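Asks: Quick one: the structure is below, questions incoming.
The values are calculated or read from the model by the stated rules, or taken from the named source; none is laboratory data. What you see is a predicted model; the values in this text were computed from it and never measured. In this analysis, Cβ positions are derived from the backbone assuming ideal geometry, glycine residues included, and neighbour counts consider all displayed protein chains.
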Amino acid sequence: MIFVGEGALLRRAVQHTLDSGLAVDLVCGPAAARASLPDVPFLRVEDVNSVAAELADAGTDGLLWSVNNRMIFRAPVLSTGLRILNIHHGPLPAYRGLPEVALVYAMLRGEREFAATLHEVDAGIDTGRTLAAEPYPIGESDPYHVVLRRGLQACHQLFERCLPLVAADPGWTGTPTQPTGVDPGGYFGRKALARLPEHRSHPEFGRATDLGFLAGYLPELAAALA
């Protein structure tokens, strides 16, 4: 298996894969991702599409996991024949895009449930076939930083649940999931991030933007709210 991403979620996914007795062929990510990883083959990349040939050569089972990965897969990688599976923090199709931004809007909209979603990667952004989901609650008084931490745990739980299913059957087609979200669908990218200050008058704005100790880990979001 190949992994692309960074941060604690990537590290935990790689370690869990190794602990499960499965092979990790290669991990790709920015330089900072290497520091916390176990002793596995690592390729430093800023654009995953620039190393498509290396990915195709490294894979032994045809599987690539995208975990906490902000790089967008384009034609060079999509044409390698690798099956790319992404763990997305957000229910699909209602909350595509940047998870940390989508979560703010979900809380402003009064959502009482959010989810981590496993989906196939296609040429769109978070538009591939959904395979599984891990819903979790949003309490009516929960601040953003509490909800986000809960969601990150849901992402890892989803990975742990689906890893053995995909390992046993690389073509696993998933389990039926019900769409979550009051909105029929939307994309929450940098334009949505820039519009967040327009919602300051919303009665839930303070709670939905209370980054707490996570502010240092979300510099773009923190800057937009400053």
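Asks: State yes or no: is D57 acidic (D, E) and either over 19 Å from C162 (Cβ atoms) or part of a strand (DSSP E or B) (or both)?
Replies: yes
Asks: Shifting gears a bit: Within the range 68-94, take every residue that is in contact with a Phe, Trp or Tyr (Cβ under 8 Å, 6 or more places away or on another chain) and over 11 Å from A116 (Cβ atoms) and give me the one that is surrounded by the most Cβ atoms within 10 Å (Cβ to Cβ).
Replies: L85
Asks: Since T117 meets every condition but one in (1) surrounded by fewer than 21 Cβ atoms within 10 Å (Cβ to Cβ); (2) in contact with a Leu (Cβ under 7 Å, 6 or more places away or on another chain); (3) among the polar types (S, T, N, Q), which condition does it not meet?
Replies: (1)
Asks: Checking the structure you have, find out if any residue of the range 56-66 is among the hydrophobic types (A, V, I, L, M, F, W, C), out of contact with any strand residue (DSSP E or B) (no Cβ under 9 Å at 6 or more places or on another chain), surrounded by fewer than 22 Cβ atoms within 10 Å (Cβ to Cβ) and modelled with pLDDT under 95. Reasoning before the result, please.
Replies: Applying the first criterion (among the hydrophobic types (A, V, I, L, M, F, W, C)) to the range 56-66 yields 56, 58, 63-65.
Pick out the ones that are also out of contact with any strand residue (DSSP E or B) (no Cβ under 9 Å at 6 or more places or on another chain) and you get 56.
Next cut, surrounded by fewer than 22 Cβ atoms within 10 Å (Cβ to Cβ) only: 56.
Subset that is modelled with pLDDT under 95: none.
Checked against the condition, which is being among the hydrophobic types (A, V, I, L, M, F, W, C), out of contact with any strand residue (DSSP E or B) (no Cβ under 9 Å at 6 or more places or on another chain), surrounded by fewer than 22 Cβ atoms within 10 Å (Cβ to Cβ) and modelled with pLDDT under 95, the range 56-66 yields no hits at all.
Asks: Within the range 85-99, can one find any residue that is of a type in the set (S, T, N, Q), assigned to a strand (DSSP E or B) and closer than 28 Å to L211 by Cβ? So that I can check it myself, show each step before the final result.
Replies: Narrowing the range 85-99 to residues of a type in the set (S, T, N, Q): 86.
Pick out the ones that are also assigned to a strand (DSSP E or B) and you get 86.
When the remaining residues are screened for being closer than 28 Å to L211 by Cβ, the result is 86.
Within the range 85-99, one or more residues are of a type in the set (S, T, N, Q), assigned to a strand (DSSP E or B) and closer than 28 Å to L211 by Cβ.
Asks: Residue under question is H202, and the condition is that it be assigned to a loop (DSSP other than H, G, I, E, B) and at negative phi; does it hold?
Replies: So H202 passes the test.
Asks: On the basis of being surrounded by 22 or more Cβ atoms within 10 Å (Cβ to Cβ), touching a residue at least 40 places away in the same chain (Cβ under 8 Å), more than 18 Å from T17 (Cα to Cα) and under 13 Å from the mean Cα position of the chain (by Cα), does V101 make the cut?
Replies: On the way: surrounded by 22 or more Cβ atoms within 10 Å (Cβ to Cβ): yes; touching a residue at least 40 places away in the same chain (Cβ under 8 Å): yes; more than 18 Å from T17 (Cα to Cα): yes; under 13 Å from the mean Cα position of the chain (by Cα): yes.
The answer is yes for V101.
Asks: Separate question: For residues that are surrounded by 18 or more Cβ atoms within 10 Å (Cβ to Cβ), among the β-branched types (V, I, T) and under 19 Å from F159 (Cβ atoms), tally how many sit in the range 16-47.
Replies: Within the range 16-47, residues that are surrounded by 18 or more Cβ atoms within 10 Å (Cβ to Cβ), among the β-branched types (V, I, T) and under 19 Å from F159 (Cβ atoms) number 3.
Asks: Could you please let me know if V182 is more than 14 Å from A116 (Cα to Cα), modelled with pLDDT under 95 and in contact with an Asp or Glu (Cβ under 9 Å, 6 or more places away or on another chain)?
Replies: So V182 fits the description; yes.
Asks: Give me the pairs, please: first residue somewhere in the range 46-57 and farther than 10 Å from C28 by Cα, second residue anywhere and part of a loop (DSSP other than H, G, I, E, B), beta-carbon distance under 6 Å, and either six or more positions apart or on two chains.
Replies: As it stands, the answer is N49/R74; A52/T80; A56/T80, since those pairs meet every condition given.
Asks: State all residues of the range 47-100 that are farther than 17 Å from D122 by Cα, of a type in the set (D, E, K, R) and touching a helix residue (DSSP H, G or I) at 6+ places or on another chain (Cβ under 9 Å); if no residue qualifies, say none.
Replies: D61, E100
Asks: Name the residue, out of V4, V24, that is without any contact (Cβ under 8 Å) to a residue 24 or more places away in the chain, outside any helix (DSSP H, G or I) and not acidic (D, E).
Replies: Working: V4 fails: without any contact (Cβ under 8 Å) to a residue 24 or more places away in the chain.
Criteria check complete, one pass: V24.
Asks: Looking only at the range 119-164, filter to residues that are among the β-branched types (V, I, T) and in a helix (DSSP H, G or I); which one of those is farthest from N49 (Cα to Cα)?
Replies: V146
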